[in-house]
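Structure first, then comments.
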Amino acid sequence: MTSKKTPTKPVDFGTSFQELEKIISWFEGDEIDLDQGLKKFERGLELAQVCRTRLKEVENRVNELKVKFGELDN
Amino acid sequence: MQKYTVSEFVNFVNAALSAVVFPEGVAIEGEITEYRVSQGKWIWFLLKDQESVVSCFSMTWKLRQPLEDGLQVRVIGQPKIHPRSGKFSINVDRVEPVGEGALKRAYELLKKLLEKEGLFDLARKRSLPRFPERIGLIASRESAAYSDFLRILKNRWGGIEINSLHVQVQGAEAINSIVAAFNYFNVHPELAEVLVLTRGGGSLEDLHAFNAEEVARAVFGSKIPVVVGVGHERDESLADFVADVRASTPSNAAELLVPDRQELINQLRSFSARLVTIMTGAVVIQQGNVSQAVRQIESALSFSVSSFRHRLRDLADAFARLAVDVVRTKDEQQSLWHRLHTTGDQWLGHLTNSLSSKERMLSSFDPQSVLRRGYAIVRRRGQVLNNATTIAVGESVAVQLHHGSLTAKVTKKSS
């Protein structure tokens, strides 16, 4: 496998996006440590890329559950 | 003519009524009057129209909805003679409001009741997952609401799993099937992070199921957060009020559930841009810090150098002063020497004079000079003898003269 992304584990958009937001707000703080900043900067760009890729998915999967009323009523 | 005992008659009539005359029960429309509840258990009221009245009886666990006098209703139940009282009444299973006015009134009554119970409390409303991955959809697959919801959802967001349960949203089965759908999803929470109950608009009668107490309680009791989107904007339903999030339409439900893809793309773009800007800024600031530090070091160095030069000059001056001092000191030393010598000579002359006078004086004390004048020193056994009493006659003494000495014998002594 050449890519870092494993196809078996789908990207959790929410988690990635939240992490990215955290990084952004870290950068908006007062003091930026350059070493730490560089790591976070790289991670941020990576997350943004991951999220963008996830956004390219256009189809939703609709499962029409076949449940009869008898089963539904319990 | 058939003869009966009272009990036989009552039992026969009741059996005939339920098995033959009204095998499916009876539905009677009229206005409620003299409504009362006794001991919190039994419900009594009369159903009337312009000419007639029929007595109705039920139990509070069966008729949960609030009723009041003047309400136009359809009563569904079984007519029966009560053996003990002989009273003929309808054993009511269900009461449905009839007509727009009555429906509205019944709706208002139930709304008030549920509100009082806290089903609409804002404090218990849960927030929806921000980016839901699995949605449980409770709707009729034939409805426009169903396709509208899915269409808007797809326009806005992709990659979601939608688990849909087909339910009746209108008619006799509607309430049961909606309640059952809620139960199903709550038994299978892995199917949905959020539930959506939706249908298109309609009259109050059409929306009956969404105003039913059972549905309201099913929404209230759901462990999974619920979005309810019913009808067009002007409509409201009790399910709306109980829902965690109330959507105005099925499309609006989709809008409230997922963000718009394009907005997110823009936001991500602005995030990346901000990251780059901030990082570049940080680097520039850091560079500035470094240059400033370099400048500071430079100025500190040049200050040190110049202060070193100063010191050096000071040191040179000090040396010069020292040299002058040394020269001066040397002169002083010479003069001191000179003075020392001069003074020494004088002092020495004085001292020599004083010494020769002292010598003279001293030489007058010299025993030799005394001996020269004729005196002698008498010693007995080496000790100077200066007292005649300490020596006996006959003893020998040594006599030292200016020139030579002699030994003498004491022949006589006097004191």
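The values are calculated or read from the model by the stated rules, or taken from the named source; none is laboratory data. Computed from a predicted structure; not experimentally measured. No Cβ is skipped: glycine too gets one built from the backbone with ideal geometry, and neighbour counts run over all protein chains shown.
Inspect all residues belonging to the stretch B:155-176 and state whether any of them is under 24 Å from B:Glu108 (Cβ atoms) and touching a residue at least 40 places away in the same chain (Cβ under 8 Å).
Within the stretch B:155-176, one or more residues are under 24 Å from B:Glu108 (Cβ atoms) and touching a residue at least 40 places away in the same chain (Cβ under 8 Å).
Regarding the stretch B:286-295, can at least one residue be identified that is within 30 Å of A:Ser16 (Cα to Cα) and surrounded by 10 or more Cβ atoms within 10 Å (Cβ to Cβ)?
Yes, there is a match, as at least one residue in the stretch B:286-295 is within 30 Å of A:Ser16 (Cα to Cα) and surrounded by 10 or more Cβ atoms within 10 Å (Cβ to Cβ).
Give the stretch B:184-205 a look and list any residue that's crowded, with 16+ Cβ neighbours inside 10 Å and at pLDDT 90 or above, or say none.
B:Tyr184, B:Phe185, B:Asn186, B:Leu191, B:Ala192, B:Glu193, B:Val194, B:Leu195, B:Val196, B:Leu197, B:Thr198, B:Arg199 - these are the residues of the stretch B:184-205 that are crowded, with 16+ Cβ neighbours inside 10 Å and at pLDDT 90 or above.
Report the residue count in the stretch B:143-179 for those that are under 38 Å from the mean Cα position of the chain (by Cα) and closer than 22 Å to B:Val242 by Cβ.
Here the count works out to 1.
Going residue by residue through the stretch B:19-36, is there one that turns out to be farther than 23 Å from B:Met59 by Cβ, part of a helix (DSSP H, G or I) and not β-branched (Val, Ile, Thr)?
No, every residue in the stretch B:19-36 fails to be farther than 23 Å from B:Met59 by Cβ, part of a helix (DSSP H, G or I) and not β-branched (Val, Ile, Thr).
Which numbered condition trips up B:Leu257, out of (1) in contact with a strand residue (DSSP E or B) (Cβ under 8 Å, 6 or more places away or on another chain); (2) closer than 26 Å to A:Leu38 by Cα?
Here B:Leu257 meets the rest and fails (2).
Could you pull out the residue among B:Asn186, B:Asn163, B:Asn176 that is part of a helix (DSSP H, G or I) and within 9 Å of another protein chain (Cβ to nearest Cβ)?
B:Asn176
If you go through the stretch B:206-219, how many residues are within 46 Å of the chain's Cα centre (by Cα), of a type outside the set (Gly, Ala, Ser) and surrounded by 21 or more Cβ atoms within 10 Å (Cβ to Cβ)?
Selection size over the stretch B:206-219: 4.
Give the residue that is nearest to B:Asp260 (Cα to Cα), with candidates limited to residues of the stretch A:20-67 that are in contact (Cβ under 8 Å) with a residue 12 or more places away in the chain and more than 8 Å from chain B (Cβ to nearest Cβ).
A:Thr53
What number of residues within the stretch B:189-213 are within 12 Å of another protein chain (Cβ to nearest Cβ), in contact with a helix residue (DSSP H, G or I) (Cβ under 7 Å, 6 or more places away or on another chain) and not small (Gly, Ala, Ser)?
Residues that pass the stated criteria total 1.
Please name all residue pairs, on different chains or six or more residues apart, with Cβ atoms under 8 Å, provided the first residue is in the stretch B:209-224 and is among the hydroxyl-bearing types (Ser, Thr, Tyr) and the second residue is buried (at least 18 other Cβ atoms within 10 Å of the Cβ) and not in a helix (DSSP H, G or I).
Here the result reads B:Ser222/B:Leu195, each pair linking the stretch B:209-224 to a residue that is buried (at least 18 other Cβ atoms within 10 Å of the Cβ) and not in a helix (DSSP H, G or I).
Give the residue, chosen from B:Ala243, B:Ala318, B:Ala323, that is over 30 Å from A:Gly44 (Cβ atoms), away from every other protein chain (no Cβ under 14 Å), touching a helix residue (DSSP H, G or I) at 6+ places or on another chain (Cβ under 9 Å) and not hydroxyl-bearing (Ser, Thr, Tyr).
B:Ala243
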